[in-house]
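Visitor: Once you've had a glance at the structure underneath, I'll fire off some questions.
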Amino acid sequence: MSNVHADTPELRETVALACRVLAHRGLVEGVLGHVSARVAEDELVVRCRRDEEPGLAASSAEDVWRLDLDGNPVDLPAGAAPPKELPIHAELMRARPEVGCVIHAHPRNALLVGLAGLEPRPVFGAYNIPALMIARRGVPVFGRSVLVTRADLAEELIEAMGEEPVCVMVGHGITVTGPDVEAATVLAVNLESLLRVTVELAMIGAEPPLVPAEDLAELPDLGSEFNDRFAWQALVAELPTSGRVGGA
């Protein structure tokens, strides 16, 4: 079943808010990166770019516009353009009906992990349980350092991702999916936390053991209320006051 969301001003503000959260957290810089949400079986809204582009840190609902999965505009105004890597969003939504949001970002730690060939490992527990679970499942790697501007390249990315909701793109960044904008944004932040620890351990030459089974058994599943909704609210609350508009 598809995770289709009503195309409302509040949804577009949430997409913009996610862009601001990613910028505040350092997962995107300048104009590089984009967030989308599915609003029909074959349509999405996505953070676009305009002639007077303020950057993702200053995203607003006026930067979020609707297109179909073939890239045809539904309400895109003059002077605005979809991201060149729209096929990442479109082909993931086409291939995975359960995907309600796609995020593409360029966090530095993903760049370092990919270039150094580092493997994120489940070596910490209660510090960040969702990030631990990402490591336990494994982080897929897309090995081509290209702009994913065509459907065939997006299909290669999807093949590399397999069934996972996250992927490190070598020499490029990350792609993350989720049922909605809030959950996907939290997942992207947790992935970045895992990648940061991976890089920092490599920098100090440490290779700690995996979390033992008896400790894993003591780590509860706190559920989407805690892991997603509360985490999203906290991320939004970190923004400057001007960022606390809707979606919180």
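The values are calculated or read from the model by the stated rules, or taken from the named source; none is laboratory data. It should be emphasised that the depicted structure is a prediction, and the values quoted were computed from it without experimental measurement. Note that each Cβ is placed from the backbone with ideal geometry, even for glycine, and that neighbours are counted across all protein chains shown. Ligands, DNA and RNA are excluded from the accessible area calculation, which covers all protein heavy atoms including side chains. Shrake-Rupley method; radii C 1.70, N 1.55, O 1.52, S 1.80 Å.
Visitor: So, in Å, what gap is there between the alpha-carbon centers of the range 131-156 and the range 1-79?
Guide: The two parts, judged by their Cα centres, are 21 Å apart.
Visitor: Classify the range 1-141 as rounded, prolate or oblate from the Cα gyration tensor: take a ≥ b ≥ c as the square roots of its eigenvalues, call it rounded if a/c is under 1.5, otherwise prolate when a/b beats b/c and oblate if not.
Guide: Note, shape of the range 1-141 comes out prolate.
Visitor: What is the sum of charges around V186, taking Lys and Arg as +1, Asp and Glu as -1, for the other residues whose C-beta is under 14 Å from the C-beta of V186?
Guide: -4
Visitor: OK, next. In debye to the nearest 20, how big a dipole does the range 53-210 give about its Cα centre with +1 on each Lys and Arg Cβ and -1 on each Asp and Glu Cβ?
Guide: With Lys and Arg at +1 and Asp and Glu at -1, about 480 debye.
Visitor: Using 0.36 nm per residue of separation minus the Cα-Cα distance, give me the extension gain between A213 and R229 in nm, one decimal.
Guide: 2.9 nm
Visitor: Averaged per residue, what accessible surface does the range 39-121 expose to a 1.4 Å probe, in Å²?
Guide: 43
Visitor: Sum up the charges of everything whose Cβ sits under 9 Å from the Cβ of L67, counting Lys and Arg as +1 and Asp and Glu as -1, but leave L67 out.
Guide: -3
Visitor: With everything on Cα atoms, drop me the angle between helix 151-161 and the longest principal axis of the chain, reported from 0 to 90° to the nearest 10.
Guide: 20
Visitor: Could you sort the peptides 140-151, 98-109, 214-225, 197-208 by per-residue average Cβ neighbour count (10 Å cutoff), highest mean leading?
Guide: 98-109, 140-151, 197-208, 214-225
Visitor: First select every other residue whose beta carbon is under 12 angstrom from the beta carbon of I174; then total the charges, Lys and Arg +1, Asp and Glu -1.
Guide: Residues near I174 contribute -1 overall.
Visitor: State, in angstrom, two size descriptors of the range 173-248 derived from its alpha carbons: Rg to one decimal place and Dmax to the nearest whole number.
Guide: For the range 173-248, the Cα-based Rg and Dmax read 15.7, 45 Å.
Visitor: Treating the angle as unsigned and between 0 and 90°, give the value, to the nearest 10°, between the Cα long axis of helix 9-24 and the longest Cα principal axis of the chain.
Guide: 50
Visitor: Further, regarding this structure: Measure nothing but the geometry: give the 0 to 90° angle between the long axis through the Cα atoms of 86-95 and the longest principal axis through the Cα atoms of the chain, rounded to 10°.
Guide: 70
Visitor: Taking square-rooted eigenvalues a ≥ b ≥ c of the alpha carbon gyration tensor, is the range 136-192 rounded, prolate or oblate, where a/c under 1.5 means rounded and, failing that, a/b exceeding b/c means prolate?
Guide: Taking the square roots of the gyration eigenvalues as a ≥ b ≥ c, the range 136-192 is prolate.
Visitor: Determine the dipole magnitude for the range 1-83: charges of +1 sit on the beta-carbon of Lys and Arg, -1 on that of Asp and Glu, nothing else is charged, the reference point is the Cα centre, and the result goes in debye to the nearest 20.
Guide: Using only the charged Cβ atoms, the result is roughly 360 debye.
Visitor: Quick one: if the Förster radius is 30 Å, what FRET efficiency do R136 and E10 give, using the C-beta to C-beta distance and rounding to 0.05?
Guide: 0.30
Visitor: Positive end of the charge dipole of the chain (Lys, Arg +1 and Asp, Glu -1 on Cβ, about the Cα centre): tell me which of H172, N128, A80 has its Cα farthest that way.
Guide: With unit charges placed on the Cβ atoms, the residue in question is H172.
Visitor: Another question, if that's okay. With a ≥ b ≥ c taken as the square roots of the eigenvalues of the C-alpha gyration tensor of the range 116-238, please select rounded if a/c is under 1.5 and otherwise prolate if a/b is larger than b/c or oblate if it is not?
Guide: Note, shape of the range 116-238 comes out oblate.
Visitor: While we're looking at this one, here's another question. On the protein heavy atoms, probe 1.4 angstrom, tell me the percent of accessible surface of the chain carried by carbon and sulfur.
Guide: 54
Visitor: Evaluate the distance, in nm, between pseudo-label points positioned 7 Å from the Cα of R108 and of A95 along their respective Cα→Cβ axes.
Guide: According to this spin-label approximation, the distance is 3.1 nm.
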